[in-house]
1. Mind ranking 172-179, 185-192, 141-148, 232-239 by how tightly packed they are, going by the mean number of other C-beta atoms within 10 angstrom, highest first?
2. With viscosity set to 0.890 mPa s at 25 °C, what whole-number translational diffusion coefficient in µm²/s follows for the stretch 135-174 from Stokes-Einstein and a Kirkwood radius over Cα pairs?
3. Express in nm, to one decimal, how much length is gained between Arg146 and Ser175 on full extension, taking 0.36 nm for each residue of separation and deducting their alpha carbon distance.
4. Could you tell me, in Å, what Rg and Dmax come out for the Cα atoms of the stretch 120-260?
5. When N counts the residues of the stretch 169-215, how does its alpha-carbon radius of gyration compare numerically with 2.2 N^0.38 Å, as a ratio?
6. Hey, got the Cα dimensions of the stretch 129-202 along the principal axes, in Å, largest first?
7. Kirkwood Rh, Cα Rg: Rg to Rh for the stretch 198-261?
Amino acid sequence: MTEENTAASPPVPAETEPKVIERRVIDKRGAGLFRQFLLFVAGLLVGANGVYYWMQRDAAHAANAGSASTSTLPAPTAAPVQAPASTEPPARIIVDPHGSEPAVGTTSASVPTPTTDRPAALLIPVQGVAASQLVDTFTQARGANRVHDAIDIVAPQGTPVVAVADGKVVKLFDSKAGGITLYQFDPSGRFVYYYAHLQGYAPGMVEGKAIRRGEVIGFVGSTGNANPDAPHLHFAVGSLGADKDWWDYTAINPYPLLSGG
Ligand SMILES: [Zn+2]
C-alpha cells in the first residue's frame with residue numbers, strides 16, 4: 001500500500017501542469033500572459049544561469065585566487081621555512097667555533113705548557129756578559145754519545161757568577177767533570193739551575209741557603225774537565241722529576257731563557 005501511495009503521488013503534479021497549460025492555451029490573454037511568463041521564466045533562467053555562471057566563475061576565480069594565493073602563500077612560507085632550516089645548520093656550523101674552541105683549548109693548553117715545562121726569563125749568570133755575547137751550545141756534542149745540554153759562557157777567571165733567579169742552594173758538589181758546582185732549586189721546586197767549573201763559591205754559600213736573583217754565588221773558573229786556558233761557566237737548566245732529586249732532571253735549553261731576559 002505504501003508503494004502505491006508513493007508511486008501515485010508524483011504523477012499528480014505532472015497532471016496538474018498540463019491542465020494549467022491547456023487552460024492558458026485556450027485563453028488568448030492567458031496565452032499572452034503565458035508567453036510573457038515563459039519569457040520571464042526564460043529570462044529568469046538565463047539570468048539565473050548567468051548569475052550562477054558568474055557566481056561559479058567568480059567562485060572558481062576566487063577558488064583559483066584562493067588556491068593561487070594559498071599555493072603562493074605556502075610556497076613562500078614553505079620556502080622561507082625551508083630556507084632558514086637549510087641556512088641554519090650551516091650558520092650553526094659556522095657559529096660552531098666549538099670546533100675551533102678545542103683548537104683554542106689546545107693552543108691555550110700549549111701556552112701554559114712552556115710555563116710549566118720551562119721557567120720564565122732568567123738573568124744572565126755571569127756579570128758583565130750581554131745577551132748578544134751568548135752562544136747556543138745546547139745541542140753541541142760532548143764526547144761520543146753525549147750532548148752538552150747546557151750553555152758555556154766564556155768569561156775571565158774570577159768573574160762573579162750570579163743567581164739567575166730566586167731560589168735556594170740545594171747542593172754544593174765537587175765532581176770530576178763539573179769541578180766545583182752549585183745546584184739551585186727555584187722557589188716552586190720544579191726547576192734546577194746548575195753552575196759548574198766554578199773557581200769557588202761566594203762567602204756564606206751553604207746548602208739550604210735562600211738566594212736572590214742577581215746575588216753573587218761564586219766565581220768563573222776552569223775546575224773539572226774545563227780547559228784551564230778557557231775559563232767559562234757551564235750553566236744548565238733542568239725540569240725536576242717527581243722525587244725532586246738534584247741529580248735527576250730533564251735538561252732545558254737555557255739559551256732562549258737567557259737571551260730573552
Ligand atoms: Zn759546558
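1. Values: 172-179: 14.9, 185-192: 17.2, 141-148: 10.2, 232-239: 22.2.
Per-residue mean Cβ counts within 10 Å order the peptides as 232-239, 185-192, 172-179, 141-148.
2. Details: Rh = 13.0 Å.
For the chosen part, D equals 189 µm²/s.
3. Values: separation 29, 0.36 × 29 = 10.44 nm, distance 1.70 nm.
Once the chain is fully extended between Arg146 and Ser175, it gains 8.7 nm.
4. In order Rg, Dmax, the Cα atoms of the stretch 120-260 give 13.6, 39 Å.
5. Working: Rg = 10.5 Å, N = 47, 2.2 N^0.38 = 9.5 Å.
My calculation over the Cα atoms of the stretch 169-215 gives 1.10.
6. Extents along the principal axes, in whole Å: 33, 28, 24.
7. Details: Rg = 13.9 Å, Rh = 14.1 Å.
Rounded to two decimals, Rg over Rh is 0.99.
Taken together, the values in this text are just the output of simple stated rules run on the coordinates, not laboratory data. Here the structure is a predicted model, which means the values were calculated and not measured. Quick reminder, even Gly has a Cβ in these numbers, built from the backbone with ideal geometry, and neighbours come from all protein chains shown.
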